[in-house]
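Everything below concerns the one structure shown next.
The values are calculated or read from the model by the stated rules, or taken from the named source; none is laboratory data. Since the structure is predicted, the reported quantities are computational estimates derived from the model, not experimental observations. Positions of Cβ are generated from backbone atoms using ideal geometry, with glycine treated the same way; all protein chains shown enter the neighbour counts.
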Amino acid sequence: MTVTKEQIESHGLKTEEYKKIKELLSRDPNLLELGIFSAMWNEHCSYKSSKIHLKKLPTKNNIVIQGPGENAGVIDIGGNDAIVFKIESHNHPSFIEPYQGAATGVGGILRDVFTMGARPIALMNSIHFGSPENKKTQNLLSGVVSGIGGYGNSVGIPTVGGETKFNSTYNENILVNAMAIGHANKNKIFYSKAKGLNKPVVYVGSKTGRDGIHGATMASAEFDENSEEKKPTVQVGDPFTEKLLLEACLELMKDNSIISIQDMGAAGLTSSSIEMASKGKLGIELDLNKVPCRENNMSPYEMMLSESQERMLIILDDKKEKEAKKIFDKWDLDFVVIGKTTDTNRLILNFDNKKVADIPIPALADKAPLYDRKWVKSKLPKNKVKIKDLKKIKIEDALIKILSSPNHSNKNWITDQYDQIVMCDTVQKSGGDSAVVRIHNKDKAIAISVDSSANYCKADPKSGGKQIVCENWRNLISVGAKPLAITNCLNFGNPEKPKIMGEFVECVDGIKEACEFLNFPVVSGNVSFYNETNSKSIFPTPVIGGIGVIDNLKRIVDIKTKKSGNLIIVIGKTIGHITQSSFLQENFSIFDGPPPEINLVNEKNNGLAVLQLIRDNLVMSAHDISSGGMLVSLSEMSIHSGLGLKIYKPKKLVNLFEYFFGEDQGRYLIEISKNNIKKIETFLRKNNIFFEVIAEVQNDTFEIEKTFSLKIKDLHNYNNQWYSKYNAIN
Amino acid sequence: MKFAVTVTLKKDVLDPQGKVVGQTLKNMGIKNLNQVRQGKFFEIDMNEKDSAKAESQVKEMCEKLLANQIIEDFKINKAE
Amino acid sequence: MKSSVIVFPGSNCDRDVAVALERLQFKNSMVWHKETELPKSDLIVVPGGFSYGDYLRSGAIAAKSNILSEVISAGKKGALVLGICNGFQILIECGLLQGALLRNSGLKFISKDILVKVQSNKNKFFNKYKSDEILKLNIAHNEGNYFTNKKHLEELENNELIPIKYCDEKGNINLKSNPNGSINNIAGIFNKNKNILGMMPHPERMADKILSGEDGLGLFLSLMN
């Protein structure tokens, strides 16, 4: 029975792609084979539009143990310790069913990390919603947040931070990017490459149901009005089973019985079996009658394409089968040998004693289509905005407006729903520049930050790409960590449109340039295209998740000012770049103009200088200057500590709005003791670092001399109202 | 006029709670147990004499709020 | 001192509490729920987490496990039993403690640092604290809203069976300082003999200075007294 034209179309395959399938098979595929090709060749699994550009990113240096291409990236943090981490999107499913979409997103990324032999130690996320006024937003926000919390809390991994942003560009396409971080012994990392002939292929975890059949295909197509009706069976997360699977896998990993292991993520059994075989240049033969099924009468097509959660595929040392089964029995999980490795280099599926599929594995992996899609350069905005011409506004009112806006308000409403300290190693929770998590039983910690700047990327994709890498680097430095490596989640519209593809290419170029300069390699990541509804695409939104290491737990700083009488120094030059700033957006709804420029040399020098001062124990608190500019950053330090600031006016005649709200890059605020000022000034001068003493810590008043004066308590209230008002049950 | 509404997960949707409850009951010795599916139950009292109208309103409540139709089904029974 | 920490599928604060106990030189054993015998121990801890995913009702399924019948008989014989968070829920479901833990009044999972005031230190668990001392502890739960009938509540209040109540920085015990809707701001309760304690806050999370604080350490030190 050959497949129909409609079937080819409904599997998202183009005519020329189908032609290629026929060539590779030397015959027509059957429906099961078509499903398998469609799952492996879609954007989500094959990276067919992005691969040639992603290759440009730096992925190696002396601390990288494993770069992109595995379940997650692995870096060396000294001693025997390795950190395993990755960020991944679950955008489309979360828009359809926010709780389950977000929950299964967290589940999937956790599996990517523990599959490699690491115990997960922290979760982070970056979530983007439409405008708060959009009627879908509240429900999506509340569902996504409960879903993230519901899964992470239950598995017992602390969700230590992240970012939440609102912008009408996400009205019909929200972003849910989840990051997991694990710790492993660097000599005990597990990979997905299969080795050896006739080795048992073992299915472990939950049973297979009809969940999300063709979920990966959904993530590779635009939404339209009918999407709500096209709903496939949504995957439901089962964090309890995940916890059992986590413990069982880590228990099994204590000896050497696992040859290779792979999570059944998108395109489930299909992609996991093919990836393992393809990496090992082997064949694989499965008996589908042995697959544990949740429903009656499941067809081979459904089994191969189901996206049921909490499942893994393991290739096992054939002598260790019995002991391995014992472990999974203890945890009440399925453990079934469903096939074996072969030397045929083919995927062979048997069902009811018949061969139901037979595909050469290279056809599904290496020979998948690869596109060098047409792209055009983005037009860069040139307009300058003259502050003078704008309606008069008071500086304190502008500050209050920003601090009480959805994007700058305190996010306790969200983070209070996440267990942030289970596992008892969280040194710094969310709210600061980076989360800090101790390596269990060691005098060592990692810092983690997740960042994005969609407005900057929209205005200038290349400069925006550079900026987020730099901001991430800065956030890690600000707690006293040495930045090591990043993972990225690249959220874009439809790559078949040259304009969108252009945004992608330029953002990747920007990321590449900054990562190369800062020696900050990309070790894992994910691309999410087709974030588009009715041809309206989201702003280009690359999200960066960075890891830094702290070698001395006594040299960690946070953003809380410590003592009245201390001074605040701003490191880095303030020019007053005001376009694309929160100031213009929140106060005047002006979205025009170029984003601030990035000077990588200054970025690196300023950062390394701050890190050195922290390591020399000369910094009492630190905060980077980002969205909102210097005044917003100063107020955040105050709000967190409850101590006020007396802020000096700039000595040279400048526009105060540009000076205090400009978003010039590469800047930090550090709090120092007056006694150390000479020592610090000498150090900074010697290293050619631009700096100014900007403020003095005082008791409860936050003021700019001769300009305005506010009580910290009031600032705190302005910053703490929005979420609870927005989510109040009326 | 009273209605009884039962909301359950759709047939093919995984029910983690039902699964664990079922397993526990089996461990407690109920060997002939096939499957447990867990759901929600609502009692709805309407101030309405027209039973067709009331029923269609209850149906609307189910569709709009009580059931998440992406993963759940509902059943409406008129109670006496 | 010897301690046992019971581990259910889905427990996730078992390691945390073991770390705190071992730091204070408790000889601790982890006891898997399928075991039928408890090692000899001075203290039995039922830790926090999501035993059996918190499915059906928090703690309900764990209360039916093998090892729980051993915990029940040890508790009835006077052994010290400490149930934290999900452990408190389990002790209620198995009948060692009375009352019920309902869904938080705000209908959301709450995880944050809170304050409690020590109501009574005349017991095995709080003797290292001063009476009226304010402690910073951490809560993380969905169902911590304690409820009981009037008669039992009077019994608890009149017999110093409520060792800690939620309060604010000034020690006020009122609606505003109540994070989850618990009746009378109750954060933990004893059985009649005060050998069994159930509490929603996690003392083990406040047992290390570099983390959030050390206010929880006193509880473990009290037990060694």
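Could you tell me which of the residues A:Lys5, A:Lys55 is within 24 Å of A:Ala277 (Cα to Cα) and basic (Lys, Arg)? Step by step, each of A:Lys5, A:Lys55 is checked, and only A:Lys55 is within 24 Å of A:Ala277 (Cα to Cα) and basic (Lys, Arg).
Of the residues A:Arg311, A:Arg294, the single one that is basic (Lys, Arg) and under 28 Å from the mean Cα position of the chain (by Cα) is A:Arg311. Within the range A:49-103, the set of residues being β-branched (Val, Ile, Thr) and modelled with pLDDT under 95 comprises just one member, A:Ile96. Consider A:Gly79 carefully, then state whether it is in contact (Cβ under 8 Å) with a residue 12 or more places away in the chain and buried (at least 24 other Cβ atoms within 10 Å of the Cβ). Considered against the rule, which asks whether it is in contact (Cβ under 8 Å) with a residue 12 or more places away in the chain and buried (at least 24 other Cβ atoms within 10 Å of the Cβ), A:Gly79 comes out as no. Of all helices (runs of 4 or more DSSP H) completely enclosed by the range A:9-76, which ones contain at least 1 residues that are of a type in the set (A, V, I, L, M, F, W, C) and surrounded by fewer than 20 Cβ atoms within 10 Å (Cβ to Cβ)? Hits in the range A:9-76: A:15-25, A:31-41, A:51-54. Looking at this structure, is A:Leu613 on the phi < 0 side of the Ramachandran plot and in a helix (DSSP H, G or I)? For A:Leu613, the condition - on the phi < 0 side of the Ramachandran plot and in a helix (DSSP H, G or I) - is met. A single entry from B:Gln69, B:Gln57, B:Gln23, B:Gln35 fulfils the requirement of being of a type in the set (S, T, N, Q) and under 26 Å from A:Phe95 (Cβ atoms): B:Gln69.
Scanning the range A:564-614 for residues that are acidic (Asp, Glu) and buried (at least 19 other Cβ atoms within 10 Å of the Cβ) yields A:Glu586, A:Glu603.
Give the residues of the range A:652-700 that are touching a strand residue (DSSP E or B) at 6+ places or on another chain (Cβ under 8 Å), within 22 Å of A:Ser581 (Cα to Cα), among the charged types (D, E, K, R) and assigned to a helix (DSSP H, G or I), sorted by residue number. Within the range A:652-700, no residue meets the criteria. Just one of the listed residues (A:Val522, A:Val543, A:Val469, A:Val570) is among the aliphatic types (A, V, I, L, M), under 30 Å from A:Val654 (Cα atoms) and in contact with a Cys (Cβ under 8 Å, 6 or more places away or on another chain), namely A:Val469. There is at least one residue in the range A:83-105 that is in contact with a His (Cβ under 9 Å, 6 or more places away or on another chain) and either farther than 19 Å from A:Ala267 by Cα or acidic (Asp, Glu) (or both).
Got at least one residue in the range A:465-482 being at pLDDT 95 or above, basic (Lys, Arg) and surrounded by fewer than 24 Cβ atoms within 10 Å (Cβ to Cβ)? Looking for residues that are at pLDDT 95 or above, basic (Lys, Arg) and surrounded by fewer than 24 Cβ atoms within 10 Å (Cβ to Cβ), one finds at least one in the range A:465-482, hence yes.
Only residues that are surrounded by 13 or more Cβ atoms within 10 Å (Cβ to Cβ) and under 16 Å from the mean Cα position of the chain (by Cα) were counted across the range B:56-74, and they come to 13.
Apart from one condition, A:Pro650 fits all of (1) surrounded by 23 or more Cβ atoms within 10 Å (Cβ to Cβ); (2) over 18 Å from A:His408 (Cα atoms); the exception is (1). Residue count for the range A:224-257 satisfying the condition of being more than 12 Å from every other protein chain (Cβ to nearest Cβ) and at pLDDT below 85: 3. The sole residue among C:Ile67, C:Ile61, C:Ile84 that is within 14 Å of another protein chain (Cβ to nearest Cβ), surrounded by fewer than 24 Cβ atoms within 10 Å (Cβ to Cβ) and among the aliphatic types (A, V, I, L, M) is C:Ile67.
Being touching a Lys or Arg at 6+ places or on another chain (Cβ under 6 Å) and touching a residue at least 24 places away in the same chain (Cβ under 8 Å): is that true of A:Gly572 here? Criteria met by A:Gly572.
A count restricted to the range C:139-192 and to residues that are within 19 Å of the chain's Cα centre (by Cα) and outside any helix (DSSP H, G or I) stands at 31.
Each residue in the range C:10-46 was checked for being facing chain A (nearest Cβ under 9 Å) and more than 18 Å from the chain's Cα centre (by Cα), and 2 of them qualify. All told, A:Ala180 falls short of being small (Gly, Ala, Ser), modelled with pLDDT of 95 or more and over 28 Å from A:Tyr530 (Cβ atoms). The residues on offer are C:Ser105, C:Ser111, and the sole one that is within 13 Å of another protein chain (Cβ to nearest Cβ), under 16 Å from the mean Cα position of the chain (by Cα) and more than 20 Å from C:Ile162 (Cα to Cα) is C:Ser111. Of all residues in the range A:105-117, which are touching a helix residue (DSSP H, G or I) at 6+ places or on another chain (Cβ under 9 Å) and either modelled with pLDDT under 95 or among the aliphatic types (A, V, I, L, M) (or both)? Listed by number, the residues that qualify are A:Val106, A:Leu110.
So that you can scan it fast, the table gives a plain yes or no per residue for (1) away from every other protein chain (no Cβ under 14 Å); (2) acidic (Asp, Glu); (3) farther than 13 Å from A:Lys207 by Cβ; (4) not in a helix (DSSP H, G or I):
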residue	(1), (2), (3), (4)
A:Gln262	yes, no, yes, yes
A:Thr270	yes, no, yes, no
A:Glu285	yes, yes, yes, yes
A:Ile327	no, no, yes, no
A:Asp332	no, yes, no, yes
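Taken over the range A:129-149, residues that are in contact (Cβ under 8 Å) with a residue 60 or more places away in the chain, in contact with a strand residue (DSSP E or B) (Cβ under 8 Å, 6 or more places away or on another chain) and either closer than 14 Å to A:Thr415 by Cα or in a helix (DSSP H, G or I) (or both) amount to 4. Just to be sure before I move on: is A:Pro495 part of a strand (DSSP E or B) and in contact with a helix residue (DSSP H, G or I) (Cβ under 8 Å, 6 or more places away or on another chain) in the structure I sent? Against the criterion (part of a strand (DSSP E or B) and in contact with a helix residue (DSSP H, G or I) (Cβ under 8 Å, 6 or more places away or on another chain)), A:Pro495 does not qualify. Any idea which residue in the range A:145-166 is farthest from A:Cys424 (Cα to Cα), counting only those that are away from chain C (no Cβ under 13 Å) and either touching a His at 6+ places or on another chain (Cβ under 7 Å) or among the aromatic types (Phe, Trp, Tyr) (or both)? This residue is A:Phe166. Of all positions in the range A:576-597, at least one carries a residue that is in a loop (DSSP other than H, G, I, E, B), within 30 Å of A:Lys678 (Cβ to Cβ), in contact (Cβ under 8 Å) with a residue 24 or more places away in the chain and more than 28 Å from the chain's Cα centre (by Cα). Here the condition is being among the hydrophobic types (A, V, I, L, M, F, W, C), surrounded by 17 or more Cβ atoms within 10 Å (Cβ to Cβ) and in contact (Cβ under 8 Å) with a residue 24 or more places away in the chain; of A:Leu380, A:Leu390, A:Leu399, A:Leu370, it holds for A:Leu399 alone. Within the range A:532-567, the residues that satisfy the criterion of being among the hydrophobic types (A, V, I, L, M, F, W, C), in a strand (DSSP E or B) and within 26 Å of the chain's Cα centre (by Cα) are A:Val543, A:Ile544, A:Ile547, A:Val549, A:Ile550.
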